[in-house]
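Only one structure is covered here, and it is reproduced in the block below.
Each reported figure results from applying straightforward, stated rules to the coordinates on display, with no laboratory input. Worth saying up front: this structure is predicted, and the values here are computed from it rather than measured. Cβ: placed from backbone, ideal geometry, glycine included. Neighbour counts: every protein chain shown.
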């Protein structure tokens, strides 16, 4: 049985969190690992649609995600959690709550995230149609001490994913009983 760990992808909307988590999932599964994706958009759509984007509602959403990640991690699963997680307080909560956790900062300039915005969310936020949108009318606090930083405007997704997979595999190997 493998050791479980949560790999928490944080970054602005459009930075590449979901794209990278799917690539990392594919590569880890190819190596025989037990992996589950936990994505912010899917969690909201299925469980927390009633929550808005106030600081308190965001914290409730992250607390639910952290609880799910903790259960899976405790049962030997590598959890790939992709959530904007805009506040350091939230990331600290996750680290304290889940247990083994690798924080991945998916760094990308706001202008590039806006350019990539296929859902049109940034445009809506700039027009005032979305209140409390991270990066526009609500802050994104850069992570203080992430375990790994990938810059998706400087490296392609495959290069970033390979760096993350390598980091995760090394982390798990170091935790295996000798």
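Would you mind classifying the stretch 46-114 by shape? Square roots of the alpha carbon gyration tensor eigenvalues, ordered a ≥ b ≥ c; an a/c under 1.5 is rounded, otherwise it is prolate if a/b is larger than b/c and oblate if not. Intermediate values should be presented prior to the final figure.
Working: a/c = 1.83, a/b = 1.26, b/c = 1.45.
Here the stretch 46-114 falls in the oblate category.
How much length is gained on full extension from residue 115 to residue 154, taking 0.36 nm per residue of separation minus their Cα-Cα distance?
Numbers: separation 39, 0.36 × 39 = 14.04 nm, distance 1.48 nm.
Here the answer is 12.6 nm.
What order do you get for 37-43, 8-14, 118-124 when each peptide is scored by the mean count of other beta carbon atoms within 10 Å, highest first? All intermediate terms of the calculation are to be shown ahead of the outcome.
Numbers: 37-43: 17.3, 8-14: 26.6, 118-124: 13.7.
Listed from highest to lowest mean packing, they are 8-14, 37-43, 118-124.
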- Note on the structure: In the list (i) 13.2; (ii) 9.9; (iii) 9.1, the entry giving mean projected area of the Cα convex hull in nm² computed from the coordinates is (ii)
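Restricting to DSSP H runs of at least four residues, report the calculated mean residue ellipticity at 222 nm for the chain, -39500 (n - 2.57) per run over all residues, nearest 500 deg cm²/dmol.
Details: 7 runs with 84 residues, N = 178.
The per-residue figure over the chain is -14500 deg cm²/dmol.
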- Could you state the angle between the C-alpha long axis of helix 88-98 and the longest principal axis of the C-alpha atoms of the chain, as a value from 0 to 90 degrees rounded to the nearest 10? 30 degrees
- Message: Output the 0 to 90 degree angle, nearest 10, between the alpha-carbon long axis of helix 55-74 and the longest principal axis computed from the alpha carbons of the chain.
- Response: 10 degrees
- Task: Determine the distance separating the Cα centre of the stretch 1-33 from the Cα centre of the stretch 55-130; give it in Å without decimals.
- Result: 13 Å
- Note on the structure: Nearest 10, in degrees from 0 to 90: the angle of helix 17-30 to the longest Cα principal axis of the chain is 20 degrees
- What order, most packed first, do the peptides 152-158, 163-169, 83-89 have when packing is the mean number of other Cβ atoms within 10 Å of each residue? 83-89, 163-169, 152-158
